[in-house]
Amino acid sequence: MTSGSTGDPKPIVLSQETKLLRAQAAIGLYNITSEDLTLIATPMYHSLAERLVVISLISGGTCVVLGTYTAKKWIDAVIDHKVSFAIPVSSQLKQILI
């Protein structure tokens, strides 16, 4: 289920093939390589977290999973691990920028 930007929960179905294609598209779009370290800051059941894991696996890169999110933990992880790629969701991005 996702509420997206509308607020009303709705089911979405993503096939394994679609998940792989989305990860491959991101790798191409962002020029992700085996040298990249990806920060995962959403729960592992979230589709974004799944995609970021698949991106790391396909590209041969490394990922760091943030156990629980706070803006401070996110910033500390970026600095401590020298994160080169992350996709924060909009609510996280707002907190990080404040």
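No value in this document is a laboratory result; all are computed from the given coordinates. What you see is a predicted model; the values in this text were computed from it and never measured. Counting neighbours? That spans all protein chains shown, and the Cβs are built from the backbone with ideal geometry, glycine included.
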Candidate cut points under trypsin sites (Lys or Arg not before Pro) in the chain, DSSP loop plus at most 11 other Cβ atoms within 10 Å of their own Cβ, are Lys82
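Restricting attention to region 15-98, which chymotrypsin sites (Phe, Trp or Tyr not before Pro) occupy a DSSP loop and are surrounded by at most 14 other Cβ atoms within 10 Å? Before the final figure, lay out each step's value.
Working: sites: Tyr30, Tyr45, Tyr69, Trp74, Phe85; in loops: Tyr45, Tyr69.
Passing both the DSSP loop test and the Cβ count: Tyr45.
If you place +1 on the Cβ of every Lys and Arg and -1 on the Cβ of every Asp and Glu, how big does the dipole about the Cα centre of the chain come out, in debye to the nearest 20?
In total the dipole reaches around 200 debye.
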Assuming 1.567 mPa s and 4 °C, estimate D for the chain with Stokes-Einstein, Rh taken as the Kirkwood radius over Cα pairs, in µm²/s. 91 µm²/s
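Using Cα pairs under 8 angstrom and six or more residues apart, how large is the relative contact order of the chain, in percent?
On the way: 115 pairs, mean separation 25.2, N = 98.
Normalised by residue count, the contact order of the chain is 26 percent.
Considering only DSSP states other than H, G, I, E and B, which GluC sites (Glu not before Pro) in region 1-72 qualify as loop sites with at most 11 other Cβ atoms within 10 Å? Can you show the working numbers first?
Numbers: sites: Glu17, Glu35, Glu50; in loops: Glu35.
Within region 1-72, the qualifying GluC sites (Glu not before Pro) (loop, at most 11 other Cβ atoms within 10 Å) are Glu35.
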Can you list residues from other chains, or at least 5 along the same chain, whose modelled amide H is less than 5 Å from the amide H of Val64? Thr38, Leu39, Ile40
